[in-house]
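S.K.: To start, I am sharing the structure in question, which I have written as structure tokens.
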Amino acid sequence: MAAEVLVAYTSRMGSTAEIAQAIGRELEAVGRSVVVSEMKGIDSLEDYRAVVIGAPVYMAAIEKDVANFVARHMDGLSRIPVAAFAVGIAPVDHRVGSVESVLEKLKAALGPVKPVAVTMFAGRLELARMSFVQRTMTGLMKVLTGDFRDWEAIRAWARGLPALLNL
Ligand SMILES: Cc1cc2nc3c(=O)[nH]c(=O)nc-3n(C[C@H](O)[C@H](O)[C@H](O)COP(=O)(O)O)c2cc1C
């Protein structure tokens, strides 16, 4: 049987990937069949009844993969409900910008696709995982580092998805 839900993510350092997997597990726990996949590898949305899109924020921009994914799958996305989440440190460190502005950018990246839900989760920013350039940039920004992912908030959002996605 084809999966009902696709959780399509992009991730540079793995934290968004792990959030996507947690959302997938939660949807499976409430009886949905789910595929969790990096969005670049998705060829067709034919097999799915709904899509959840997840992407991190870098330098105040939603990863470009989202706009590319939407452009590639415009037909499919116009036929099924879409929910989206952004990941970054804005929820815990407002010096990088507001959550509201990230959500506006997320909606803009989705273009004509109107999501049934958008949200932003706090992510993980760890110095040990960064390149020299990234360390320098984040050092200059003096941002908080650590793993700020709130797994209960992530699971709670996932549990609300079937009703929103009409599943
Ligand atoms: C160079 C750099 C720039 C970042 N810029 C932002 C930003 O503008 N706003 C934000 O909320 N988070 C920002 N972050 C935090 C990332 O979004 C966060 O670490 C996220 O969890 C990374 O996701 P990933 O592990 O899936 O790549 C930045 C992180 C780095 C390393």
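S.K.: Scan the stretch 74-96 and tell me whether some residue there is among the aliphatic types (A, V, I, L, M), touching a Ser or Thr at 6+ places or on another chain (Cβ under 9 Å) and over 20 Å from residue 157 (Cα atoms).
M.R.: no
S.K.: Quick test of your reading of the structure: residue 93 fulfils all but one of (1) within 16 Å of the ligand (Cβ to nearest atom); (2) under 15 Å from the mean Cα position of the chain (by Cα); (3) open to solvent by less than 40 Å² (accessible area, probe 1.4 Å). Name the failing condition by number.
M.R.: (2) is the only condition that residue 93 fails.
S.K.: Of (1) touching a residue at least 12 places away in the same chain (Cβ under 8 Å); (2) assigned to a helix (DSSP H, G or I); (3) open to solvent by 40 Å² or more (accessible area, probe 1.4 Å); (4) within 11 Å of the ligand (Cβ to nearest atom), residue 136 satisfies all except one. Which?
M.R.: All conditions are met except number (1).
S.K.: Are any residues in the stretch 19-32 surrounded by 15 or more Cβ atoms within 10 Å (Cβ to Cβ) and either in a loop (DSSP other than H, G, I, E, B) or small (Gly, Ala, Ser) (or both), and if so, which ones?
M.R.: Result: 20, 22, 24, 32.
S.K.: Also, quick follow-up: Please go through the stretch 139-167 and pick out each residue that is without any contact (Cβ under 8 Å) to a residue 12 or more places away in the chain and either open to solvent by 60 Å² or more (accessible area, probe 1.4 Å) or within 11 Å of the ligand (Cβ to nearest atom) (or both).
M.R.: Of everything in the stretch 139-167, those that are without any contact (Cβ under 8 Å) to a residue 12 or more places away in the chain and either open to solvent by 60 Å² or more (accessible area, probe 1.4 Å) or within 11 Å of the ligand (Cβ to nearest atom) (or both) turn out to be 139, 140, 152, 163.
S.K.: Restricting the stretch 15-32 to residues that are in contact (Cβ under 8 Å) with a residue 60 or more places away in the chain and within 13 Å of the ligand (Cβ to nearest atom), which is farthest from residue 161 (Cα to Cα)?
M.R.: Ranking the qualifying residues of the stretch 15-32, first place goes to 15.
S.K.: Determine if the stretch 65-76 includes at least one residue that is part of a loop (DSSP other than H, G, I, E, B) and more than 16 Å from the ligand (Cβ to nearest atom).
M.R.: yes
The values are calculated or read from the model by the stated rules, or taken from the named source; none is laboratory data. These numbers were taken from a predicted model, which means no experiment stands behind them. Neighbour counts are summed over all protein chains in view; Cβ atoms, including those assigned to glycine, are modelled from backbone coordinates with ideal geometry. Heavy atoms of the whole protein, side chains included, go into the accessibility calculation; ligands, DNA and RNA do not. Shrake-Rupley method; radii C 1.70, N 1.55, O 1.52, S 1.80 Å.
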